Structure formats: structure tokens, C-alpha cells
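Asks: Pasting in a structure now, in C-alpha cells, and then I'll have a few things to ask.
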């Protein structure tokens, strides 16, 4: 079983004093591979924490949780052009991970096959220890801090 959490993102096109909020999509977060006992525990203790970790609010931007559902591991949880974040409790903290394939709906440079990113979740939508790795179609694997140099050398 897995728990699926859906969010809404809104951006303020006005000002802090006179806001004009517009909805801008959202994200999907998945806590996969759970036993029924783990689902019950995450629902009881984890969902409030996950909502506090995912949610973010500034005068110009906010992301908030719309709700969560429990589905079978095989259930499709988002559209084909979306890539959900997988959340795992690891080393006493929640870690988010996702691998974005640069296929039919890809937006990255055509030489990129996939991007894998991971970070430790912090309260209020905070991100710590962000790590990103790009796998190129030629098999090269480069880290986020090597991207600019990699493409400069290839030009």
C-alpha cells in the first residue's frame, strides 16, 4: 500500500498588501511500500508532520496539502507528464526523492536522459542537503555542480 498526498501551489501576482492569488498546479508526494500497520501509524503520527514539512507560505507563494489517500502500490497516482516525489523515513528524518525521465514530456536539454534529486525535508517546505544527479544519454553521470561545466565543454 502507499499513501498519496496532493498539494496545491498558489502564487501572489499582487503585493503583500493587496494580494492577487493564482493557482499554479501542485505536487504529488507518495509514501510507498507500506504494510497496513505502517499505514495506520503514518496516518496517525506521520500525516500531520508531513503536512508541516510539505506546506510552505510566504507573502508571494504558498503550497498546501489538499488531502491524502491510501491506494494499492500499483495504483497510478498522477498524470503521465508528472513525476511524484517518493517520501521515506530514513535515519530519523523524512527524505524526498524523485527521478524525472526526459522522455515524451521532457523539458531538459535533449542530451539529458534523466534527473534524480533527493533532499532532507524541513518544516515549512524547507530543503536541506539537496543533491541532484543527471544521467546523460551517452552514459555520463554528472552532479548538479558539474552541469554548467559539462555543457560548456560539450559546446
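Asks: Cβ-Cβ below 7 Å, separation at least six or inter-chain, first residue in the range 124-138 and in contact (Cβ under 8 Å) with a residue 12 or more places away in the chain, second part of a helix (DSSP H, G or I): which pairs?
Replies: Pairs found: 125/54; 132/144; 134/147.
Asks: Here is a further query. Would you tally the residues in the range 28-48 being surrounded by 12 or more Cβ atoms within 10 Å (Cβ to Cβ), out of contact with any helix residue (DSSP H, G or I) (no Cβ under 8 Å at 6 or more places or on another chain) and not in a helix (DSSP H, G or I)?
Replies: 3
Asks: Going residue by residue through the range 109-119, is there one that turns out to be part of a strand (DSSP E or B), over 22 Å from residue 26 (Cα atoms) and modelled with pLDDT under 95?
Replies: Just the residues of the range 109-119 that are part of a strand (DSSP E or B), to begin with: 112-119.
From what is left, the residues that are over 22 Å from residue 26 (Cα atoms) are 112-113.
Those still in the list that are modelled with pLDDT under 95 too: none.
No: the range 109-119 contains no residue that is part of a strand (DSSP E or B), over 22 Å from residue 26 (Cα atoms) and modelled with pLDDT under 95.
Asks: Exactly one of (1) assigned to a strand (DSSP E or B); (2) within 20 Å of residue 2 (Cα to Cα); (3) at pLDDT 95 or above is unmet by residue 89. Its number?
Replies: (3) is the only condition that residue 89 fails.
Asks: Considering only residues that are modelled with pLDDT under 95 and part of a strand (DSSP E or B), which ones fall in the range 97-108?
Replies: none
Asks: In this structure, does residue 51 turn out to be touching a strand residue (DSSP E or B) at 6+ places or on another chain (Cβ under 6 Å) and not in a helix (DSSP H, G or I)? It would help to see each step written out before you state the result.
Replies: Working: touching a strand residue (DSSP E or B) at 6+ places or on another chain (Cβ under 6 Å): yes; not in a helix (DSSP H, G or I): no.
Taking the combined requirement at face value, the residue does not satisfy it.
The values are calculated or read from the model by the stated rules, or taken from the named source; none is laboratory data. All figures in this text were calculated on a predicted structure; none of them were measured in a lab. With ideal geometry, Cβ positions are generated from the backbone for all residues, glycine too; neighbour counts draw on all protein chains shown.
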